[in-house]
Amino acid sequence: MNKILLIFIVSILVGVLSFLVINNSPKKFNKVEVNNFGDFVFSYFQQNPQKESEVIKLKFTGDVILARSVNFLTVKNNDFTWSFKNIDSELQNADITISNFESPLIKNCPLTNEGFKFCGDEKNSQGVKFAGIDVVGLANNHAGNYGEDGVNQTINNLEKEGILVSGATQRKIAYKEVKGTKFAFLALNSIGYKESSLLWLDEKTLKELIEEARKNSDVVVVQIHWGTEYTDTPNEFQKKYGHLAIDLGADMVVGNHPHWVQKYEVYKDKYILYALGNFIFDQEWSAKTKQGVIAEVEVKEKQISNLKFIPVEIKNYGQVFKSLDSSIIPSKLE
């Protein structure tokens, strides 16, 4: 009986391995001569090693505002890559690059160097694509400066360039799959007032969005527009909602709005980046408003780790460069 069982098991193994060879031989298995079953098994697995889990690199930028003087100079130079042309290689080497996008991109945007109603020429979407930005969050206090029509134009112009959008009522969650891992990107705003075309931050909305994203993805990243302008430490509102997002199932939280780089936190072994500072804007009136960081993390086996920061600085009222100033890099919130 034992002999019959052994023969049966060997027959099954031979059948399985034969199937693998037949289905993989054109690309993975070179013909080799084997004298026995042991040699066969060794030869197959030697030429078909187990794949190590691939590392996926994500990068996040601070506020991108292609408006006012930035837009004026871009149009004047007739170069819609102007803001990004010194930083594009840094963003393009990520698997996914994500930004907070604050300027409506509309047709016939007025050219101006002043004011607080923001817009950029619709062709600025070409520069966003050139930079290697893959996903943008629109839930902030300026994306709706030209109303629902402005939001719709912005979405259309970005999507024509293959850029995914989140944070709008018609584009709540952006999904992107890389190397077998599916990511969900959410964005919510808490600054200014609630607008019908953009997602507003409250506990109910945050919970519903994270639950939906969790069901349909492996990794959930939440962007939140929050905080007090021109401060480097998160306030209690930020900490409350940052912690809540993690408690509800987010894998990482990335914030913006203060126009300064703020401290970050590790909460329940997950990152909360409270503010990454300005990435592209025309606030040349102080050192800190001309500074920001690119945050980089790695994702392996659906887990986020290895956070690092790349300091950047803005020059010429809207061009971003890598910086050698390590003091820009935020410290950890204790």
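Which of the residues belonging to the stretch 238-288 are closer than 14 Å to LEU307 by Cβ and without any contact (Cβ under 8 Å) to a residue 12 or more places away in the chain?
ASP269 - this is the single residue of the stretch 238-288 that is closer than 14 Å to LEU307 by Cβ and without any contact (Cβ under 8 Å) to a residue 12 or more places away in the chain.
What helices (runs of 4 or more DSSP H), lying completely within the stretch 53-154, carry at least 1 residues that are of a type in the set (Phe, Trp, Tyr) and on the phi < 0 side of the Ramachandran plot?
Values: elements: 68-77, 88-92, 124-131.
Helices (runs of 4 or more DSSP H) meeting the threshold: 68-77, 124-131.
Please count how many residues of the stretch 286-334 are in a loop (DSSP other than H, G, I, E, B), buried (at least 17 other Cβ atoms within 10 Å of the Cβ) and under 17 Å from the mean Cα position of the chain (by Cα).
0
Residues of the stretch 213-237 being in contact (Cβ under 8 Å) with a residue 40 or more places away in the chain, farther than 18 Å from LEU186 by Cα and polar (S, T, N, Q), which ones?
Selection gives THR233 alone.
ALA174 is checked against (1) buried (at least 22 other Cβ atoms within 10 Å of the Cβ); (2) within 18 Å of the chain's Cα centre (by Cα); (3) part of a loop (DSSP other than H, G, I, E, B) and fails just one. What number does that condition carry?
(3)
Out of all the residues in the stretch 177-216, which are exposed (fewer than 15 other Cβ atoms within 10 Å of the Cβ) and of a type in the set (Asp, Glu)?
GLU177, ASP202, GLU203, GLU208, GLU211 - these are the residues of the stretch 177-216 that are exposed (fewer than 15 other Cβ atoms within 10 Å of the Cβ) and of a type in the set (Asp, Glu).
Return the pairs, sorted by first residue and then second, in which the second residue is acidic (Asp, Glu), the first residue lies in the stretch 148-173 and is farther than 26 Å from VAL220 by Cβ, the beta carbons are less than 7 Å apart, and the residues are 6+ apart or on different chains.
Once the first residue is farther than 26 Å from VAL220 by Cβ and sits in the stretch 148-173, its partners that are acidic (Asp, Glu) give GLN153/GLU122; ASN157/GLU122.
Bear in mind these aren't lab numbers, they're just calculated from the coordinates by the rules spelled out. Owing to the predicted nature of the structure, the values given are computational and were not obtained by experimental measurement. Neighbour counts run over all protein chains shown; Cβ positions are idealised from the backbone, glycine included.
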